[in-house]
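Since every read-out is calculated from the coordinates, none of them should be taken as a lab result. The model shown is predicted, which means the values in this text are computed figures rather than measured ones. Cβ placement follows ideal geometry from the backbone for every residue including glycine, while neighbour counts extend to all protein chains displayed.
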């Protein structure tokens with residue numbers, strides 16, 4: 001937490017304005033609570049929905065992001081039958097949990113570290129989840145067709161349908177919340193009841209402004225946008241047919257970094273109904289690659305093509321791990337232009353998930369990068385419990401069964417010390433044989449102190465020889481092909497061969513590559529812009545690089 005707090009603003013939750021203003025003088029550790037439903041029976045069978053479970057998990061944002069991606073660092077707080085939540089309400093079902101949270105916040109836990117006693121307090125800072133679960137858990141209306149459904153602002157339905165910018169005066173505050181409670185009119189105020197979470201001394205639902213780009217963007221706005229865009233390209237302008245698009249999409253060279261995220265073929269009814277058969281991870285890959293797939297077939301001056309490019313740029317900004325005031329200003333302008341252009345081009349009002357976009361700059365300013373709030377890994381936690389539930393035939397008190405299994409899994413992680421993975425890991429370490437590798441011979445290092453390997457894991461991401469990595473210094477990008485990994489005392493560095501680039505293509509949002517050089521550099525993994533990528537070949541034979549500036 002101390003290391004994170006010394007970083008620049010807008011880089012992590014720990015140095016966000018929200019946490020800096022809310023932390024106490026004592027040792028207080030923040031944590032996120034996540035809630036969502038999952039189905040344990042056959043979703044198409046006759047028992048569907050009868051045993052639906054609400055999983056409640058938590059994690060600690062003070063842990064580095066690459067450690068949070070491990071499921072062993074997502075902890076189970078409890079399981080509740082969805083039917084019980086519906087019949088009895090959140091207050092009755094979650095009171096035991098809230099009592100524990102109050103004790104952890106007020107009394108804390110006494111621990112001993114290196115013979116020294118320390119009192120640790122824990123504070124719930126944000127509840128995460130999709131829009132439906134959050135609205136319900138926080139006491140807001142669960143219907144998104146009522147007049148005032150947004151949990152962040154008080155804008156009315158007709159205003160939300162056209163909003164391109166956030167209206168600061170409309171944001172919910174504690175005072176406006178109290179006034180709305182006294183009004184006792186959910187249709188007008190959007191508040192259905194007082195949330196049980198408000199009983200925590202340092203938590204209030206109006207401060208819970210976290211949004212999830214997994215549901216808002218990749219399972220929401222992306223589907224609406226791409227259905228309109230592809231319908232226009234295929235059936236109105238006829239730039240290409242659906243068969244050509246699918247062929248290019250399926251045969252695209254994803255490389256070993258994205259080969260596992262290829263989405264199924266797209267059919268006409270998927271476009272018409274905005275119901276693409278893609279999960280969020282597949283949609284993320286699709287949106288990253290679409291300009292490279294068919295960008296050469298589209299008129300570059302076409303207005304819908306310009307909207308597509310704008311949307312791809314917007315996604316790239318939303319996935320950044322670090323922000324500054326300039327980037328946040330660019331992001332706000334892109335969101336405004338995106339929402340305005342969508343209405344203008346397609347003659348439709350904005351869907352509810354478009355409205356969440358206008359709040360993203362404010363969320364980033366208060367809570368840090370929005371990708372640190374997404375629910376990708378929490379959703380993966382669901383899969384474990386689904387497998388547990390499917391391996392048993394009894395349906396008597398399933399939450400208890402899952403809780404016991406989770407407790408045993410947690411005990412196993414404690415015994416094996418399986419929570420934190422090393423920053424680096426590698427296999428097949430070899431001695432460096434001089435004269436066998438030209439790239440190593442050209443580097444002026446004392447290789448008697450080093451060893452080498454062909455493949456490493458860095459912060460949970462695999463790097464291999466032949467991958468492409470980028471390092472940006474003062475807005476100048478340096479592109480390297482990975483030739484080797486050298487190891488000294490468990491510290492790993494990349495030996496890379498530098499490539500030149502000609503210019504940046506707005507049409508493909510990629511760098512047009514020049515020839516490779518004879519320049520070899522040793523690259524510290526900490527300085528990399530993002531995970532490994534690869535070159536792409538356009539149909540005209542040009543080699544391009546679509547950069548990733550996020551982990």
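Couple of notes before you dig in:
- Using R0 = 41 Å, the C-beta based FRET efficiency linking residue 390 and residue 527 works out to 0.35.
- Extended-chain gain in nm, criterion 0.36 nm per residue less alpha-carbon gap, residue 507 and residue 75: 151.1 nm
- What the Cβ-Cβ distance of residue 327 and residue 246 gives, at R0 = 30 Å and to the nearest 0.05, is a FRET efficiency of 0.25.
- Theoretical ellipticity at 222 nm over the chain - DSSP helices of four or more residues, -39500 (n - 2.57) apiece, nearest 500: -11000 deg cm²/dmol
- Cα centroid of region 1-38 to Cα centroid of region 383-409, whole Å: 32
- D (Stokes-Einstein, µm²/s), Kirkwood Cα radius, region 1-142, 1.002 mPa s at 20 °C: 124
- Taking other C-beta atoms within 10 Å as the exposure proxy, 357, 44, 134, 310 rank 44, 310, 134, 357 from fewest upward.
- Cα gyration tensor, region 142-192 - rounded (a/c under 1.5), prolate or oblate: oblate
- Normalising by residue count, region 360-409 has a Cα convex hull of 111 Å³ per residue.
- Distance in nm between pseudo-label sites at residue 306 and residue 176 (7 Å out along the Cβ direction from Cα): 3.4
- Here is the P(r) of region 213-367: all C-alpha pair distances, binned every 5 Å from 0, give 1, 8, 19, 22, 21, 15, 9, 3, 1, 0 in whole percents.
- Neighbour counts of C-beta atoms inside 10 Å place 155, 83 in the sequence 83, 155, starting with the fewest.
- A simple spin-label model places the labels of residue 464 and residue 169 5.9 nm from each other, with each point 7 Å out along Cα-to-Cβ.
- With all projection directions averaged, the alpha carbon convex hull of region 352-447 covers 14.5 nm².
- For the chain, convex hull volume per residue from C-alpha positions, Å³: 184
- Region 424-545: relative contact order as a whole-number percent, Cα under 8 Å and 6+ apart: 21
- Dimensionless Rg ratio for region 98-238, taking C-alpha atoms and the 2.2 N^0.38 Å reference: 1.41
- Computed from the C-beta positions of residue 263 and residue 117, the FRET efficiency with R₀ = 41 Å rounds to 0.15.
- Rg over Rh, two decimals, region 302-376 (C-alpha only, Kirkwood Rh): 0.98
- Mean-position separation - Cα centroids, region 44-81 and region 130-201, in angstrom: 26
- Averaging the Cα positions of each part gives two centres, and for region 321-364 and region 445-482 these lie 35 Å apart.
- Short-range pairs are left out: with C-alpha atoms under 8 Å and at least six residues apart, the relative contact order of the chain is 14 percent.
- Modelled label positions at residue 491 and residue 454, each set 7 Å beyond Cα in the direction of Cβ, lie 2.7 nm from each other.
- Difference of contour (0.36 nm per residue) and Cα-Cα distance, residue 204 to residue 297: 28.4 nm
- Burial ordering of 457, 293, fewest other beta-carbon atoms within 10 Å first: 457, 293
- Contour minus Cα-Cα distance for residue 538 and residue 416 (0.36 nm per residue): 39.1 nm
- Gyration tensor analysis over the Cα atoms of region 492-537 returns equivalent ellipsoid semi-axes of 22, 14, 8 Å (largest first, whole Å).
- Pairs of Cα atoms farther than 23 Å apart, region 424-545, %: 33
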